[in-house]
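The values are calculated or read from the model by the stated rules, or taken from the named source; none is laboratory data. What you are looking at is a predicted structure, and each value in this text was computed from that prediction instead of being measured. Quick reminder, even Gly has a Cβ in these numbers, built from the backbone with ideal geometry, and neighbours come from all protein chains shown.
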Amino acid sequence: MKNASILLIYTGGTIGMKTDPRTGALVPFDFNDIYDEFPYLRKLNVDIEVITLKPIDSSNVTPELWVKLARMLRDNYRAFDGFVILHGTDTMSYTASALSFMLGNLGKPVVFTGSQIPIGVLRTDGRENLITAIEIAAAKRDGAAAVPEVCLYFQNRLFRANRTTKHSAEQLNAFRSDNYPPLAEVGVSIHYNTPFIRRPERPAQTLEIATTLDTGVLILKIFPGLTESAFRAMLSIGGIRGIVLETYGAGNAPTDEWFIRAVAEAIGRGVVVMNVTQCPGGSVSMDLYETGLRLQEIGVVSGRDITTEAAVTKLMVVLGGRPSPEELSVRLKSSLRGEISD
């Protein structure tokens, strides 16, 4: 039987470092030597090709990298059965969420992973993350990809990418998906949570990509003591087309007239305001309390149970397509890639 073919793309991050035996310092790991470093990968019966980008710290990631990755996936789509992207953990959920919205007709796995400890350190979590991500990217069920969507694998769990948030800077299980079950859980074997895995509506040999992103998006977190002058100053920043408004609990915000008026004026200028909760889990429900109803009445869009990372990247991709106001409203309220619950 023919081996599965996997394209491994290294963008940077902790996972790509190892200890120099001569100096004890951390130096870049060469993933082109992956079979020499990890000979047991051959037992997976997978053919791996590697593309190494100029490594960057994930704190420096910009949408330009997302576009570069999307084009790379499109150009190599037919040649490989699956893709693994190695990325720094700090902004991995942003990049993975963005790619989920940028890739259309996806019928193959795109698995993001990384590590908290460099892969060349004896106690690394990167080795298991890398090997299992490759195995998942190569996995088939009834002749089709086991997980044909953009996902994120970390510490024994595979998540839908646009449902993830990094919750810990120190723990090895650094990512959570509070509002959606894992797509797979890894122990002695890999158990796929099949009912929760998305399947392409129309599988295609050609990958469609969105490469025009609108970066005029702002995250605005409310807090006790937020002043009218500061709030208005942020809402009036030039070039802003979308605001992710992080509110309390189930989507609650101040009912002060100045607050409601300021948001209404921004919406009147054509700025899209999406309401998301500050809570790690749960959903915005703007019908529950008066504060949410006031926001709903002036045109604030409910983000429901979307993560901040997914809300930001969804706005960038959707706004980048320059949709009509009607189409914009439909797309923001709809689950495009499983990012919000039905």
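Side notes on the structure shown:
- Being surrounded by fewer than 17 Cβ atoms within 10 Å (Cβ to Cβ), touching a Gly at 6+ places or on another chain (Cβ under 7 Å) and either hydroxyl-bearing (Ser, Thr, Tyr) or within 17 Å of Leu73 (Cβ to Cβ) (or both) is a property that Pro148 lacks.
- Qualifying residue in the range 161-181 (condition: basic (Lys, Arg), in contact with a strand residue (DSSP E or B) (Cβ under 7 Å, 6 or more places away or on another chain), crowded, with 18+ Cβ neighbours inside 10 Å and more than 28 Å from Thr247 (Cβ to Cβ)): no
- Matching residues in the range 236-291 - criterion: being of a type outside the set (A, V, I, L, M, F, W, C) and in contact with a strand residue (DSSP E or B) (Cβ under 6 Å, 6 or more places away or on another chain): Gly242, Glu246, Thr247, Gly251, Asn275, Gln278, Tyr289, Thr291
- Positions within the range 261-289 being modelled with pLDDT of 95 or more and aliphatic (A, V, I, L, M), in sequence order: Ala262, Val263, Ala264, Ala266, Ile267, Val271, Val272, Val273, Met274, Val276
- The listed residue being within 24 Å of the chain's Cα centre (by Cα) and part of a helix (DSSP H, G or I), out of Val284, Val273, Val317: Val317
- Residue satisfying condition, being without any contact (Cβ under 8 Å) to a residue 12 or more places away in the chain, part of a loop (DSSP other than H, G, I, E, B), of a type outside the set (Gly, Ala, Ser) and assigned by TED's automatic domain parsing to the domain that holds Phe154, within set Arg42, Arg78, Arg22: Arg22
- Number of the condition not met by Ile131 [criteria: (1) part of a loop (DSSP other than H, G, I, E, B); (2) in contact (Cβ under 8 Å) with a residue 60 or more places away in the chain]: (1)
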